[in-house]
1. Scan (1) at negative phi; (2) exposed (fewer than 13 other Cβ atoms within 10 Å of the Cβ); (3) at pLDDT below 85; (4) assigned to a loop (DSSP other than H, G, I, E, B) for the single condition GLY17 breaks and write down its number.
2. Considering each of LEU33, LEU29 in turn, give the residue that is assigned to a helix (DSSP H, G or I), in contact with a helix residue (DSSP H, G or I) (Cβ under 8 Å, 6 or more places away or on another chain) and open to solvent by less than 70 Å² (accessible area, probe 1.4 Å).
3. Given (1) open to solvent by less than 20 Å² (accessible area, probe 1.4 Å); (2) over 13 Å from GLN4 (Cβ atoms), where does LEU52 come up short, assuming only one miss?
4. Does ALA79 qualify as being touching a residue at least 60 places away in the same chain (Cβ under 8 Å) and within 15 Å of ARG12 (Cα to Cα)?
Amino acid sequence: MPIQITDHALQRFVERGSDVPTDNLRAHLLASLARAADAAASIGITEYLIVLPPLTYVVRDAAVITILRTSSPFERAQALRRTGAA
């Protein structure tokens, strides 16, 4: 299943300092995250993090639901424990 990016996650990416033109933003993110998403799908993982410093992408059910700016392993783990959008 190909990964998707929610509007919420797209908004977080822009807020956290994207330098990609907004008209190409979703396609740029999808291309950047596709390899990790394919690897997770191949082993049946549906909730995971993609860490591309300085950002952490929180993925649930093949959709990036939010994007965090954190280098803390604890904060990353907490993001997966939440039941709603981060």
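The values are calculated or read from the model by the stated rules, or taken from the named source; none is laboratory data. Just so it is clear, the structure is predicted and the values come from calculations on it, not from any experiment. Reconstructed Cβ throughout: ideal geometry from the backbone, glycine too, with neighbour counts over all protein chains shown. We work out accessible area using only protein heavy atoms, side chains counted, and drop any ligands, DNA or RNA first. Shrake-Rupley method; radii C 1.70, N 1.55, O 1.52, S 1.80 Å.
1. (1)
2. Details: LEU33 fails: in contact with a helix residue (DSSP H, G or I) (Cβ under 8 Å, 6 or more places away or on another chain).
Answer to the selection: LEU29.
3. Of everything listed in (1) open to solvent by less than 20 Å² (accessible area, probe 1.4 Å); (2) over 13 Å from GLN4 (Cβ atoms), LEU52 misses just condition (1).
4. On the way: touching a residue at least 60 places away in the same chain (Cβ under 8 Å): no; within 15 Å of ARG12 (Cα to Cα): yes.
Considered against the rule, which asks whether it is touching a residue at least 60 places away in the same chain (Cβ under 8 Å) and within 15 Å of ARG12 (Cα to Cα), ALA79 comes out as no.
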